[in-house]
1. Taking the stated definitions as given, is Asp17 surrounded by 16 or more Cβ atoms within 10 Å (Cβ to Cβ), charged (D, E, K, R), over 23 Å from Leu198 (Cβ atoms) and without any contact (Cβ under 8 Å) to a residue 40 or more places away in the chain?
2. Any residue in region 75-91 that is acidic (Asp, Glu) and within 18 Å of Val165 (Cα to Cα)?
3. Cβ contacts < 7 Å: first residue under 25 Å from Asp114 (Cβ atoms), restricted to region 42-68; second residue among the basic types (Lys, Arg) and not in a helix (DSSP H, G or I), any location; separation 6+ or different chain. Result?
4. Could you check how many residues of region 136-171 are assigned to a loop (DSSP other than H, G, I, E, B), crowded, with 18+ Cβ neighbours inside 10 Å and at pLDDT 75 or above?
5. Within region 69-86, count every residue that is in contact (Cβ under 8 Å) with a residue 40 or more places away in the chain and touching a strand residue (DSSP E or B) at 6+ places or on another chain (Cβ under 9 Å).
6. Among the residues that make up region 2-19, is at least one of them under 24 Å from Ala166 (Cβ atoms), of a type outside the set (Val, Ile, Thr) and assigned to a helix (DSSP H, G or I)?
Amino acid sequence: MTSQNSPGSLIVFEGTDGTGKSTQLDLLHSVLQDKGFEVVATREPTEGMYGRQIRDLYNNRKKLSLNEELELFLADRKEHIDTLVTPALASGKIVLCDRYYLSTVAYQGAAGLDPSDILKRNNFAPVPDLALLLYAPIQTGVERITKGRGDTLNDFEKEDYLQKVARQFEQLTLPCIRRINASASIDAVHRTVLNHVLQLLEK
């Protein structure tokens, strides 16, 4: 399934923790609104029933098996697509999503599940028109989380695990992916993001 059959556009932000996805999504959201586009900003995991269960795993991931964890992500995504993403795309809006199924492939793949199988199990999800994959050294991301935000690393943010996640992201070769070096300044990354997005929307 692709979003290309809809009047709207689906743009997703992907990458390891601490690469600035949320910051860049907010900046893009503001610019597109100022340009007169109808924009919906959202994220996964969602705030829905399944998304809240996923967030409960952040500090105790061992509560579920890897397959049970994957089922939660799939259920959350199905609900998200049915209730928000598909209706927004059908009405011609631009949907900006902070994490989508490429994160599931990378994070659950790094935990030991088969990435190609995870991708197949997400075939119900609209393919993004653009997947902005932000990358930076893992240590940089960890420092942004701990020193920049003052947060404690959760069970999905441990440094050795994030190294494995980064390798999974590196292996993804889907046509919608645009890789962006997130080690640059926020403004520089924003300019690169905006360049990719405007190229898409001009089509």
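The values are calculated or read from the model by the stated rules, or taken from the named source; none is laboratory data. Because the structure is a prediction, the values reported are computed rather than measured. Every residue, glycine among them, receives a Cβ derived from its backbone with ideal geometry; neighbour counts consider all protein chains shown.
1. Details: surrounded by 16 or more Cβ atoms within 10 Å (Cβ to Cβ): yes; charged (D, E, K, R): yes; over 23 Å from Leu198 (Cβ atoms): yes; without any contact (Cβ under 8 Å) to a residue 40 or more places away in the chain: no.
No, not satisfied.
2. From region 75-91, those acidic (Asp, Glu) are 76, 79, 82; that's our starting set.
Of the ones still in play, those that are also within 18 Å of Val165 (Cα to Cα) are none.
No, region 75-91 contains no residue that is acidic (Asp, Glu) and within 18 Å of Val165 (Cα to Cα).
3. That search, which allows pairs on different chains as well, returns Glu44/Arg99.
4. The initial filter retains those residues of region 136-171 that are assigned to a loop (DSSP other than H, G, I, E, B), namely 136-137, 149-158, 171.
Those still in the list that are crowded, with 18+ Cβ neighbours inside 10 Å too: 136, 156-157.
Applying the additional criterion that residues be at pLDDT 75 or above yields 136.
Residues flagged as assigned to a loop (DSSP other than H, G, I, E, B), crowded, with 18+ Cβ neighbours inside 10 Å and at pLDDT 75 or above within region 136-171 amount to 1.
5. 2
6. No, region 2-19 has no match at all.
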